[in-house]
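Colleague: Sharing a structure here in structure tokens format.
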Ligand SMILES: [Zn+2]
């Protein structure tokens, strides 16, 4: 909904930010579309997630496409729900990584962001799915959901 305070969104609200480029790639304006769908950091994370979750490698052109990705293909409901959670957590981690770089100068790597996505989503899934015992090794293979 373009409400998170990217540089582009702040500009629309009358806030001037001198450094308006993405701090990760310096190629494009800091915007929702760029941060989550086009930045090399996001592309790397999505590639790892597609491999991990055994879905075809995907490219999206809008944030809306991204949060609807779990409905593509013919997966069961449990797998769709898990994938949806993974995608939302990945967006959260990309936003945190963007902020850490912009405000603290800490440059994230695709592997670090992906590792955080996998760990955080494991705890989320384990405690939300009500499956009783659910193991880390199953989550790493994205099986037995
Ligand atoms: Zn970028």
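Colleague: Hey, what does the equivalent ellipsoid look like for region 32-141, semi-axes from the Cα gyration tensor as sqrt of 5 times each eigenvalue, largest first, whole Å?
Modeller: On the way: eigenvalues 108, 59, 26 Å².
Computed over region 32-141, the values are 23, 17, 11 Å.
Colleague: 7 Å from Cα along Cα→Cβ at both residue 71 and residue 18: what's the point-to-point distance in nm?
Modeller: Using points 7 Å along Cα→Cβ, the separation is 4.5 nm.
Colleague: Quick one: length gained pulling residue 28 to residue 119 fully straight, 0.36 nm per residue minus the C-alpha distance? All intermediate terms of the calculation are to be shown ahead of the outcome.
Modeller: Details: separation 91, 0.36 × 91 = 32.76 nm, distance 2.98 nm.
My answer for the length gained is 29.8 nm.
Colleague: Could you calculate the contour length gain from residue 112 to residue 10, that is, 0.36 nm times the residue separation minus the distance between their Cα atoms, to one decimal place in nm? Working shown, then result.
Modeller: Details: separation 102, 0.36 × 102 = 36.72 nm, distance 2.77 nm.
Difference between extended and current length: 33.9 nm.
Colleague: Expected output is a single nm value to one decimal: the length gained when fully extending between residue 84 and residue 138, i.e. 0.36 nm times separation in residues minus the C-alpha distance. What is it?
Modeller: Details: separation 54, 0.36 × 54 = 19.44 nm, distance 1.73 nm.
Roughly 17.7 nm would be gained on extension.
Colleague: Over region 32-141, what relative contact order in percent results from Cα pairs under 8 Å that are six or more residues apart?
Modeller: Worked out over region 32-141, it gives 27 percent.
Colleague: Now for a different question. So what's the gap between the Cα centers of region 100-122 and region 1-35, to the nearest angstrom?
Modeller: Centre-to-centre distance over Cα atoms comes out at 19 Å.
Computed from the coordinates by the stated procedures, all read-outs in this text should not be read as laboratory data. Keep in mind that what you see is a predicted model, and the values were worked out from it rather than measured. Glycine gets a Cβ as well: all are built from the backbone with ideal geometry, and neighbour counts include every protein chain shown.
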